[in-house]
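Taken together, the values in this text are just the output of simple stated rules run on the coordinates, not laboratory data. Please read these numbers as outputs of a predicted model, since none were measured by experiment. Cβ placement follows ideal geometry from the backbone for every residue including glycine, while neighbour counts extend to all protein chains displayed.
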Amino acid sequence: MNLYVKNDTTIEKHAGIGGKRKMKHLIDPLDLSVEEMDSFLDLADQIMENPQKYSQVCAGKKLATLFYEPSTRTRLSFESAMLNLGGSVLGFSSGTDSSASKGESVADTIRVVSNFADICAMRHPKEGAPLVAALHSEIPVINAGDGGHQHPTQTLTDLMTIRSLKKRLGNLTVGLCGDLKFGRTTHSLIKSLARYQGIRFVLISPAELRIPDYIFDSLKEKNIAFKEVERLEDVMPELEVLYMTRVQRERFFNEEDYIRLKDSYILDAKKMELAQNDMIVLHPLPRVNEIAVEVDSDPRACYFKQVKYGVYIRMALIMKLLELEG
Ligand code: CP
């Protein structure tokens, strides 16, 4: 079976005379079918229940983290995941620390890194860079965030968090609030959750930060229930999951627009009073101002738990892409 690949991210690999296998990459969350995604989540649950069982699964394997853009959670959780599996890590944490600063292309870099590691996670400010890497790679490439486009491993983290805490991924009303234009985590999450039955989206953003047209059109085309609103207060009572996001300063063309829009939403204790008792608040983090610190002590604030799930799902992802059994 050739799992986890779309045609455009697939590379045919010769594996001995007459044999061919497909290299597995994760570039877009929809590279995974719903069944595959569910199987990743099941494995992550098993790892979380019994981490010791998986502690040497990647012995002798290396993960390269190629981060051309800053990260705390994604890079360190990938590194933690590989170390937890008994493997090793190498890599760089900014473009300026690598030969990209001398003009090396992503295609050349991945050809080189393919000699040093068994799998790689790449974050890049340019949309599509991890896809380019996958097309030239000898090892599985994981998109760890490309510009304002996609962030599939944050989505796996979000799905694991929602499934663990709400016990389902369908039949939910999910509010996404903030910068829905540039926030790649929201794009990936909407695309993935839209495949589950009974999902209803409430998209809360200023007009200038609405979801991109291609996502809007896809929701319409698939007849997914959604509405767009500007005021968070108005919709709080109907939400079962609230996914807050930061206004993405690094994607704005001018600072004035960022300053005008950055505090469009601030979730505080007063707004939380309007929410259901078992609503959960998620955030991919980092947080700036959009969730007041006073909310952290509310039992419905689950964004730090979310980070913990991210390590287990990345362990599962590494195992699946390397075709390793527990
Ligand atoms: N959620 C997320 O991608 O965080 P980092 O930018 O710190 O990796």
Legend entry - Rounded to whole Hz, the Karplus (6.51, -1.76, 1.60) HN-Hα couplings of region 116-124, x for glycine and proline: 10, 9, 9, 7, 9, 10, 10, 10, 8
Inset, instruction - For VAL229, list long-range residues whose amide hydrogen, built 1.01 Å from N in the peptide plane, is under 5 Å from its own amide hydrogen. - result: LEU203, ILE204, SER205
Inset, instruction - Could you tell me how many degrees, from 0 to 90 and to the nearest 10, lie between the Cα long axis of helix 184-193 and the main elongation axis, the longest principal axis, of the Cα atoms of the chain? - result: 90
Legend entry - Inter-probe distance in nm under a simple model that places probes 7 Å from Cα toward Cβ, at GLU323 and ARG300: 4.7
Legend entry - Fluctuation leader among VAL57, VAL293, VAL106 - the chain, Gaussian network, Cα springs under 10 angstrom: VAL293
Inset, instruction - Calculate the radius of gyration of the Cα atoms of the chain to one decimal place, then report Dmax, the largest Cα-Cα distance, as a whole number, both in Å. - result: 19.6, 67
Legend entry - Mean residue ellipticity (222 nm) of the chain, computed from DSSP H runs ≥ 4 via -39,500 (n - 2.57), nearest 500: -10000 deg cm²/dmol
Inset, instruction - Would you mind pulling out the separation of the Cα centroids of region 280-326 and region 173-216, in Å? - result: 18
Inset, instruction - Take the cross-link list LYS191/LYS220; LYS24/LYS53; LYS166/LYS305; LYS222/LYS320 and give me the ones stretching past 21 Å between alpha-carbons. - result: LYS24/LYS53; LYS222/LYS320
Legend entry - Protection proxy ranking of 77-84, 226-233, 173-180, 43-50 - average other beta-carbon atoms within 10 Å, highest first: 173-180, 77-84, 43-50, 226-233
Inset, instruction - State whether region 20-82 is rounded, prolate or oblate according to the following rule on the C-alpha gyration tensor (a ≥ b ≥ c being the square roots of its eigenvalues): a/c under 1.5 gives rounded; otherwise a/b larger than b/c gives prolate, and the remaining case gives oblate. - result: rounded
Legend entry - region 163-172 - phi-based ³J(HN,Hα) in whole Hz, Karplus 6.51/-1.76/1.60, Gly and Pro as x: 5, 5, 8, 9, 6, 6, 10, x, 6, 9
Legend entry - Orientation-averaged projected area, Cα convex hull of region 67-179 (nm²): 8.5
Inset, instruction - Round to a whole angstrom and tell me the spacing of the C-alpha centers of region 82-143 and region 24-48. - result: 21
Inset, instruction - Would you mind calculating the gained length between ASP268 and GLU104 on full extension (0.36 nm times residue separation, minus the Cα-Cα distance), in nm to one decimal? - result: 54.5 nm
Inset, instruction - Rounded to whole Hz and in sequence order, give me ³J(HN,Hα) for region 300-306 from the Karplus expression 6.51 cos²θ - 1.76 cosθ + 1.60, θ = phi - 60°, writing x for Gly and Pro. - result: 7, 7, 10, 6, 7, 4, 3
Inset, instruction - Please name whichever of LEU135, PRO125, GLY86 sits farthest to the positive end of the charge dipole of the chain, dipole taken about the Cα centre and charges placed at Cβ: Lys and Arg +1, Asp and Glu -1. - result: GLY86
Inset, instruction - Sticking with the crude label model, points 7 Å out along Cα→Cβ, report the distance from GLU233 to ASP257 in nm, one decimal please. - result: 2.8
Legend entry - Nearest 10 degrees, 0 to 90: helix 34-49 Cα axis against the chain principal axis: 90
Inset, instruction - Using amide H atoms built 1.01 Å from N in the peptide plane, name the residues 5+ places from LYS126, or on other chains, whose amide H lies under 5 Å from its own. - result: GLY147
